[in-house]
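A short worksheet on the structure shown next.
The values are calculated or read from the model by the stated rules, or taken from the named source; none is laboratory data. Fair warning: this is a prediction, and the values are worked out from it, not measured in the lab. Don't worry about glycine lacking a Cβ; one is built from the backbone with ideal geometry, like all the others, and counts go over all protein chains shown.
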Amino acid sequence: MEVRLLKLSDDKNLPTTPKDIIAAHLGYLAVNGAVTFSTGIPIASRPDYVLIVTENINPEYYWCHVIDYDFTKRGIYISPKAPMNDYSPIMFKDDNVSWLQFDSMLKLPKDLVDIFLERPKEIADFINFFRPNNKIVTK
């Protein structure tokens, strides 16, 4: 399973904020059942999942399942379902190089991500070694 991390730029010179970008894609996904996320970052192989991180300070995390992928010139690849560009919010139909089509974008609570970052060994030990079937990780 291939998982990619993508961090949205929080450049104040850009016309949209990372949270605006996420909101547009979440809305499009809710209405259409799929959404294409395009980026100027070359992603040369198809990931199974993408973890999108918004901003550097107080980020939000979105776990996205990839159902289609293209790494060409402008998302003109035609999948068996529809052109990737057909699933892009109008303001994001531009000349990018990587196109990832999602059928889900699940917001992960920051507290949950923090637990995995701060206690990976404790969680791995619980899963991999004989223990009771529950354990408190945080209060």
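Under the condition of being in contact with an Asp or Glu (Cβ under 8 Å, 6 or more places away or on another chain) and surrounded by 14 or more Cβ atoms within 10 Å (Cβ to Cβ), which residue from segment 50-63 is modelled with the lowest pLDDT?
Checking each candidate, the answer is Glu55.
Do any residues in segment 1-18 that are closer than 18 Å to Ile90 by Cβ have Cβ atoms under 9 Å from those of residues that are among the hydroxyl-bearing types (Ser, Thr, Tyr), where the two are at least six apart or on different chains, and which pairs are they?
Close Cβ pairs (under 9 Å, with a partner that is among the hydroxyl-bearing types (Ser, Thr, Tyr)) amount to Thr17/Thr54.
Give the residues of segment 90-139 that are hydrophobic (A, V, I, L, M, F, W, C) and without any contact (Cβ under 8 Å) to a residue 12 or more places away in the chain, sorted by residue number.
Matches in segment 90-139: Ile90, Leu112, Phe116, Leu117, Ala124, Phe126, Ile127, Phe129, Phe130, Ile136.
When you look at Glu2, is it of a type in the set (D, E, K, R) and on the phi > 0 side of the Ramachandran plot, yes or no? Before the answer, list the steps.
Numbers: of a type in the set (D, E, K, R): yes; on the phi > 0 side of the Ramachandran plot: no.
Judged against the criteria, Glu2 is not a match.
Arg46 is checked against (1) among the charged types (D, E, K, R); (2) touching a Pro at 6+ places or on another chain (Cβ under 8 Å); (3) farther than 22 Å from Lys110 by Cβ and fails just one. What number does that condition carry?
Condition not satisfied by Arg46: (2).
Whether any residue in segment 93-113 is in a helix (DSSP H, G or I), surrounded by 15 or more Cβ atoms within 10 Å (Cβ to Cβ), in the same structural domain as Gly27 (by TED's automatic domain parsing) and at pLDDT below 75 is what I want to check.
There is no residue in segment 93-113 that is in a helix (DSSP H, G or I), surrounded by 15 or more Cβ atoms within 10 Å (Cβ to Cβ), in the same structural domain as Gly27 (by TED's automatic domain parsing) and at pLDDT below 75.
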